[in-house]
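One structure below.
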Amino acid sequence: MRHLPNPRARREGPLRAPILDRDGFERARSILAAWPGYARTPLRDLRGLAARLGIGRLFYKDEGSRFGIGSFKALGGAYAVFRHLEEVLAGGAPARRPSLHDLLAGRRREAASAITVTAATDGNHGRSVAWGAFLLGCRAVIYVPESVSRARREAIAGHGASVVVVPGDYDDAVRACARDATLHGRRVVTDTSYEGENVLPLEVMQGYRVMVEEVLDQLPPGVALTHAFVQGGVGALPAAVVEHLEQALGPGRPRVVVVEPESADCLYRSAETGAPARASGDLRTVMGGLACGEPSRVAWEILSDLADDFLALGDDPALEAVRTLARGEGGDPPIEAGESGAAGIAALLEAARLRGLAGRLGLDAASLVLTFGTEGAVDPEAFERVVGRPPRRKP
């Protein structure tokens with residue numbers, strides 16, 4: 001476990017101009033609320049685990065039931081597919097812009113079917129893009145690194161997408177996806193921004209903010225969070241979380257701790273160097289959804305200014321977090337999660353084990369902590385290997 005307080009974090013002074021604007025969030029919230037099957041996911045109050053960890057309260061945003069996809073990614077990728085189709089089918093004429101209902105009802109099906117979206121993924125983002133494309137009537141080609149499990153590939157293909165397996169890691173899949181998109185005229189739907197690509201990554205992040213707003217609505221009256229532990233990846237999720245909390249709560253927002261695998265620590269390394277940096281490891285980790293070698297540029301712009309701490313941890317705490325959630329602690333309901341989804345809990349387990357770390361993070365009996373269970377047991381075979389039984393709920 002490695003811990004780095006962000007030396008550049010800004011906690012004082014007036015709010016800076018937001019990168020994720022309020023109008024964009026309101027548009028995302030309106031569209032996603034109208035999406036078939038939308039419902040707020042549960043905010044679990046894990047009092048038993050909080051007592052074990054020595055903190056006051058522990059809240060777990062359980063994304064295992066999100067849209068039947070089993071991951072928070074359903075809020076981002078599918079929404080970005082809609083935004084792309086909306087703009088393309090309008091053809092520069094706002095009056096011709098299709099509504100969500102138009103696309104879902106197939107009223108622009110012929111035109112939509114001529115459009116192909118594409119994405120690179122470790123599993124959940126690609127599944128969201130494929131699902132959104134299926135519902136909205138366009139085609140999808142999804143690129144995955146060779147390490148992605150059979151179950152995750154089949155889940156993507158189950159939504160009608162073509163799946164391309166790329167030798168190498170996630171970043172190799174990103175490059176192959178971008179290269180082929182240029183060659184074949186496809187639109188890349190990505191949650192990571194790079195030179196020449198900022199529009200859809202920002203739309204993806206606006207979709208993620210809906211989850212954060214749900215949390216603020218679901219917290220018990222009088223609860224003022226002190227900490228939020230958020231998974232890293234390319235940085236899109238923690239950036240969306242901290243930007244939304246900053247806008248909603250200002251200086252009273254919780255301390256935001258970004259959690260990554262030690263082998264895929266691109267955000268930690270960026271915080272060390274003060275600029276976007278590549279991960280120091282080989283990206284091999286059980287936290288497959290976080291196996292990203294390079295940060296999103298726009299996400300890093302937000303995190304460098306607002307994230308408070310960066311943590312890099314090994315695989316064993318993530319596996320223990322999955323087992324801990326699955327059995328329930330001290331009367332807590334059992335929760336089925338993947339290793340990436342349990343990363344925040346893994347960090348808290350390590351902080352409880354390493355008391356010096358807990359002190360450096362300001363965790364004590366008065367702490368009110370939020371974690372994001374970003375995925376359910378989306379890889380049933382992996383879940384069974386870790387827990388010793390198959391998941392009871394299939395995402």
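No lab work stands behind these numbers, since they all come straight from the coordinates. Quick caveat, the model's predicted, so the values are computed rather than measured. All Cβ positions, glycine included, derive from the backbone under ideal geometry; neighbour counts span all protein chains shown.
Summary of values
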{"quantity": "Within the chain, longest stretch clear of exposed GluC sites (Glu not before Pro) (DSSP loop, no more than 13 other Cβ within 10 Å)", "calculated": "196-395"}
{"quantity": "Label point distance in nm, SER65-ARG392, each placed 7 Å from Cα along Cα→Cβ", "calculated": "1.3"}
{"quantity": "Equivalent ellipsoid, the range 171-254 (semi-axes from 5 times Cα gyration tensor eigenvalues, Å)", "calculated": "33, 11, 10"}
{"quantity": "Simple label model, 7 Å out from Cα along Cβ direction - SER162 to ASP217, nm", "calculated": "3.9"}
{"quantity": "R0 of 56 Å, Cβ-Cβ distance GLU87-LEU354: FRET efficiency to nearest 0.05", "calculated": "0.70"}
{"quantity": "Helix-only CD estimate at 222 nm, as mean residue ellipticity for the chain, using -39500 (n - 2.57) per DSSP H run (n ≥ 4)", "calculated": "-13000 deg cm²/dmol"}
{"quantity": "Among ARG353, ARG209, ARG40: highest mean-square fluctuation, GNM of the chain, C-alpha pairs under 10 Å", "calculated": "ARG353"}
{"quantity": "Separation of alpha-carbon centers, the range 297-343 and the range 224-261, rounded to whole Å", "calculated": "13"}
{"quantity": "Top of ASP316, ASP191, ASP265 by mean-square fluctuation, Gaussian network on the chain, Cα under 10 Å", "calculated": "ASP316"}
{"quantity": "For SER270, SER128, order by how many other beta-carbon atoms lie within 10 Å, fewest first", "calculated": "SER270, SER128"}
{"quantity": "Dipole in debye (nearest 20) - the range 77-190, about Cα centre, beta carbon charges: Lys, Arg +1; Asp, Glu -1", "calculated": "400"}
{"quantity": "Nearest-0.05 FRET efficiency for ASP21 and GLU384, computed from C-beta distance (R0 45 Å)", "calculated": "0.55"}
{"quantity": "Charge dipole of the chain about the Cα centre (unit charges at C-beta), most positive-ward option of VAL148, PRO276, ALA80", "calculated": "ALA80"}
{"quantity": "Potential extension, ALA151-SER113 segment - 0.36 nm per residue separation minus Cα distance", "calculated": "11.0 nm"}
{"quantity": "Residues of the range 109-135 with amide N under 17 Å of a point placed 7 Å along Cα→Cβ from VAL199", "calculated": "112, 115-119"}
{"quantity": "Computed lengthening from ALA105 to SER30, 0.36 nm per intervening residue step minus Cα-Cα distance", "calculated": "25.2 nm"}
